[in-house]
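Chemist: Quick one: the structure is below, questions incoming.
The values are calculated or read from the model by the stated rules, or taken from the named source; none is laboratory data. These numbers were taken from a predicted model, which means no experiment stands behind them. All Cβ positions, glycine included, derive from the backbone under ideal geometry; neighbour counts span all protein chains shown. With ligands, DNA and RNA removed, areas are computed over all heavy atoms of the protein, side chains included. Shrake-Rupley method; radii C 1.70, N 1.55, O 1.52, S 1.80 Å.
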Amino acid sequence: MARNIQSLERAAAMLRLLAGGERRLGLSDIASSLGLAKGTAHGILRTLQQEGFVEQDDASGRYQLGAELLRLGTTYLDVHELRARALVWADDLARSSGESVHLGVLHQQGVLIVHHVFRPDDSRQVLEIGAMQPLHSTALGKVLSAYDPVAHSEALESERKAFTDRTVCDPDGFEHVLDLTRARGYAADVEETWEGVAAVAAPIHDRRRMPVGAVGITGAVERLRRDGELRPELIAAVRDCARAVSRDLGAGRF
């Protein structure tokens, strides 16, 4: 059995202690409460402070939880609210389109799949929640890159790998794709990431009108296209789903 890392256990205990109090705590209080030497406690606090997880009051020298923990907690809540609001609409989209549905958010220079509805047939499928997709070639990634400035920067700064001969990798071409995405209100991936696979995605906004994710359908090219073009009814269904989730998040009409 793997051994726990003692310094991390102590840091976690320290954060829980600070979270449980209604006031700032001094070094002596923290050390005695956790049974630590003052030097040990101070070293952990200094590291947590450098990372933004703990703040020290200049006047009293006492410690409290830092803003970075609030940011991480807000991100956690945002993703879970997004997923909760999208559940019913994603199920409806899968039924109406006959294709699998993915809900994605920006994470570590890629798209993190936070919800996946299987294609409503009897085919064997693999649950992709937790999987990562590239920003520059997937429909979900293009949507995030087009509407989220952070995603846009990360897509331009990261390596844009050519997965197929249709993948757009050069900066100017990629910017043109993003301009087109914003103009149309959706993004497409037609065999740019996987041969024989196409996808359509649209942006989801929150009550601040900020982009918080993207929803899309993925399926075989021959099912998503008709006469060489993506089927307009599928594009409309994806956009309607994104608007519905955005409204549930308080974004109003888009």
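Chemist: Could you pull the accessible area for TYR63 with a 1.4 Å probe, rounded to 10 Å²?
Modeler: About 10 Å², rounded to the nearest 10.
Chemist: Suppose a student asked you for the relative contact order of segment 143-198, using Cα pairs under 8 Å spaced at least 6 residues apart; what percent would you report?
Modeler: Values: 48 pairs, mean separation 19.9, N = 56.
It rounds to 35 percent for segment 143-198.
Chemist: Treating each Cα of segment 122-254 as an identical point scatterer and ignoring solvent, apply the Debye formula and state log10 I(q)/I(0) at q = 0.09, 0.16, 0.21 Å⁻¹.
Modeler: -0.25, -0.81, -1.33
Chemist: Between ALA59 and ASP29, what is 0.36 nm times their sequence separation minus the Cα-Cα distance? Round to one decimal in nm.
Modeler: Details: separation 30, 0.36 × 30 = 10.80 nm, distance 1.69 nm.
Gain in length upon complete extension: 9.1 nm.
Chemist: Now a separate question. Taking θ as phi - 60°, what are the ³J(HN,Hα) couplings along segment 185-198 by the Karplus curve (6.51, -1.76, 1.60), each to the nearest whole Hz, with x for Gly and Pro?
Modeler: Values per residue, Gly and Pro as x: x, 7, 10, 10, 9, 10, 6, 8, 10, 9, 4, x, 10, 10 Hz.
Chemist: Given a 1.4 Å probe, how much area per residue of the chain is accessible, in Å²?
Modeler: Result: 55 Å² of accessible area for each residue.
Chemist: Next up: Taking just the alpha-carbon atoms of the chain, what radius of gyration and Dmax come out, in angstrom?
Modeler: That works out to 22.7, 74 Å for Rg and Dmax.
Chemist: In deg cm²/dmol and to the nearest 500, what is the mean residue ellipticity at 222 nm of the chain if only DSSP H runs of at least 4 residues count, each as -39500 (n - 2.57), divided by the residue total? Kindly include the intermediate steps, with their values, before the conclusion.
Modeler: Numbers: 9 runs with 120 residues, N = 254.
Rounded to the nearest 500, the figure is -15000 deg cm²/dmol.
Chemist: Of GLU222, GLU154, which has the most accessible area with a 1.4 Å probe, and how do the rest follow in descending order?
Modeler: Details: GLU222 140, GLU154 45 Å².
Result, largest first: GLU222, GLU154.
Chemist: Quick one: the Cα spread of segment 75-145 along its three principal axes, in angstroms, biggest first?
Modeler: Sorted largest first, the three principal extents are 34, 26, 19 Å.
Chemist: Under 16 Å from the 7 Å Cα→Cβ point of ASP248, by amide nitrogen: which residues of segment 106-138?
Modeler: In segment 106-138, the label zone of ASP248 (backbone N under 16 Å from the point 7 Å along Cα→Cβ) covers 114-118.
Chemist: If you don't mind, another one. Using a 10 Å cut-off on Cβ atoms, rank the peptides 230-239, 108-117, 166-175 from the highest mean neighbour count down.
Modeler: Details: 230-239: 17.9, 108-117: 19.6, 166-175: 13.8.
Sorting 230-239, 108-117, 166-175 by mean packing, highest first, produces 108-117, 230-239, 166-175.
Chemist: Along its principal axes, what span do the Cα atoms of segment 200-254 show, with the longest given first and each in whole Å?
Modeler: 39, 16, 13
Chemist: P(r) tail for segment 28-121, what percent of Cα pairs lie past 19 Å?
Modeler: 61 percent
Chemist: I would also like to ask the following. Carbon and sulfur: what percent of segment 7-160's accessible surface (1.4 Å probe)?
Modeler: Numbers: 4350 of 8440 Å².
Result for segment 7-160: 52 percent of the exposed heavy-atom area is carbon or sulfur.
Chemist: On a full-extension model of 0.36 nm per residue, what is the gain between GLN125 and LYS38, subtracting their alpha-carbon distance, rounded to one decimal in nm? Spell out each step's value before the answer.
Modeler: Working: separation 87, 0.36 × 87 = 31.32 nm, distance 5.47 nm.
Residue separation times 0.36 nm, minus the Cα-Cα distance, leaves 25.9 nm.
Chemist: Quick check: pseudo-label points 7 Å beyond the Cα along Cα→Cβ at GLU233 and THR47, how many nm apart are they?
Modeler: 5.9 nm
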